[in-house]
There are 2 protein chains.
Amino acid sequence: MSNSYIDDEKIINRLYEIHRRTVPKFESCTGISQTRLELLHELYEVEEISQRALQKKVNIDHAAVTRHLKQLEDKGMVIRRKDPKDQRFTYVSLSEEGRLKIIHYREEKERFISGVLHDFSAKERKTLLEMLTRIQHNIEHFE
Amino acid sequence: MSNSYIDDEKIINRLYEIHRRTVPKFESCTGISQTRLELLHELYEVEEISQRALQKKVNIDHAAVTRHLKQLEDKGMVIRRKDPKDQRFTYVSLSEEGRLKIIHYREEKERFISGVLHDFSAKERKTLLEMLTRIQHNIEHFE
DNA sequence: GCTCAATAATTGATACGTCAACTAATATAA
DNA sequence: TTATATTAGTTGACGTATCAATTATTGAGC
């Protein structure tokens, strides 16, 4: 008697479309991809960290982490070195240049986010975050 | 005086992560990707449609539409033919097999969505959809 | 000490979305 | 009617995420 499933479907489709629209917009606004900025931000918060620990923080695939860090190293934003005590570990840290650049990126990100949420009240933001957290939990524990 | 920006950032990061987690889960649960199922669903609703019109409905890049349809054609789920009146247009329709298979896919999709939203009340779902719609609008009109 | 398991990182294969460049067909305007 | 613009579709290059397989190093059990 209700059209509730139709609306549920819209929610999932909306999530999908938001993502697709966000990716290019985020990068054109900030000058860097969301994932890469997240990696840099984690590095910003610490002196040095192993790739493994970093990967656990950002929670994306090892392979992607390796590739991003290599490219960031090529750009001179990041420094990587092997742990002399345990050669399996690679430690990563921000270069001076990286540390400077990230500030600008983060300002742009803040501007972007403000735009995306500009018409949301503090209460709505809270509700939304809480709902998204539940969805994420449900997805991870589904099946 | 508030930590509101931190939370805003969490919202955006959550959206990103939800997407990343959903993509593989959706496909392993339903047996097909979200985009492809959306294409098939649109085809299910009509007798025949041009690729151009279909592309406008699902709102993804032309190139992606072409590739999906070619692959679906190879799998025998879709039939494509040129418009004899205007050879620029390619019309697409579901094959018998496609029409049968899509039913199963959609059942699985429904099960997936139910799982993801199982602890949301009808009111919450409504609120969520409304919020996501606003976000999508904001992203599209940003800058 | 030596074999085998565990761990970190890397590489390869695959998927899919974007943009840009291109082809082919049709419409328009001089 | 002939040159030019527009439109639909295709293809190529690129970025980036996933999973699976591989390499290199270290740890554990015998």
Please specify each residue of segment B:73-112 satisfying the condition of being away from DNA strand D (no atom under 16 Å from the Cβ), over 21 Å from residue A:14 (Cα atoms) and surrounded by fewer than 14 Cβ atoms within 10 Å (Cβ to Cβ). B:76, B:96, B:97, B:100, B:103, B:104
Considering only residues that are of a type outside the set (A, V, I, L, M, F, W, C), closer than 22 Å to residue A:63 by Cβ and touching a helix residue (DSSP H, G or I) at 6+ places or on another chain (Cβ under 6 Å), which ones fall in segment A:6-44? A:19, A:33, A:34, A:36, A:38, A:42
State whether one or more residues within segment A:38-47 are within 30 Å of residue B:109 (Cα to Cα), free of Cβ contacts under 8 Å to residues at least 40 places away in the same chain and hydrophobic (A, V, I, L, M, F, W, C). no
Enumeration of residues in segment A:1-35 that are open to solvent by less than 40 Å² (accessible area, probe 1.4 Å), under 30 Å from residue B:117 (Cα atoms) and more than 9 Å from chain B (Cβ to nearest Cβ): A:33
Residue B:9 vs. criteria more than 9 Å from DNA strand D (Cβ to nearest atom) and touching a strand residue (DSSP E or B) at 6+ places or on another chain (Cβ under 9 Å): no
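Can you pull out the residues in segment B:113-123 that are under 23 Å from residue B:32 (Cβ atoms), at the interface with another protein chain (Cβ under 7 Å from one of its Cβ atoms) and open to solvent by 20 Å² or more (accessible area, probe 1.4 Å)?
Looking only at segment B:113-123, we keep the residues that are under 23 Å from residue B:32 (Cβ atoms), and these are B:113-118.
Filter once more, keeping what is at the interface with another protein chain (Cβ under 7 Å from one of its Cβ atoms): B:113, B:115-118.
Of everything in segment B:113-123, just one residue is under 23 Å from residue B:32 (Cβ atoms), at the interface with another protein chain (Cβ under 7 Å from one of its Cβ atoms) and open to solvent by 20 Å² or more (accessible area, probe 1.4 Å), namely B:118.
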If you go through segment A:57-74 one residue at a time, do you hit one that is among the small types (Gly, Ala, Ser) and without any contact (Cβ under 8 Å) to a residue 12 or more places away in the chain? yes
Using beta carbons and a limit of 6 Å, which pairs, at least six apart or on different chains, have the first residue in segment A:18-37 and more than 18 Å from residue B:135 (Cβ to Cβ) and touching a residue at least 12 places away in the same chain (Cβ under 8 Å) and the second one part of a helix (DSSP H, G or I) and away from DNA strand C (no atom under 12 Å from the Cβ)? A:32/A:105; A:37/A:105
Residue that is within 26 Å of residue A:138 (Cβ to Cβ), within 9 Å of chain A (Cβ to nearest Cβ) and not in a loop (DSSP other than H, G, I, E, B), where the choices are B:110, B:130: B:110
Determine which single condition residue A:126 fails, assuming it passes every other condition in (1) more than 14 Å from the chain's Cα centre (by Cα); (2) exposed (fewer than 14 other Cβ atoms within 10 Å of the Cβ). (2)
Working only within segment B:36-72, note down all residues that are open to solvent by less than 20 Å² (accessible area, probe 1.4 Å), within 12 Å of DNA strand D (Cβ to nearest atom) and away from chain A (no Cβ under 14 Å). B:49, B:50, B:54, B:69, B:72
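The values are calculated or read from the model by the stated rules, or taken from the named source; none is laboratory data. Just so it is clear, the model here is predicted, and its values are computed rather than measured. Cβ: placed from backbone, ideal geometry, glycine included. Neighbour counts: every protein chain shown. These area figures cover heavy atoms from the full protein model, side chains too; ligands, DNA and RNA do not enter into them. Shrake-Rupley method; radii C 1.70, N 1.55, O 1.52, S 1.80 Å.
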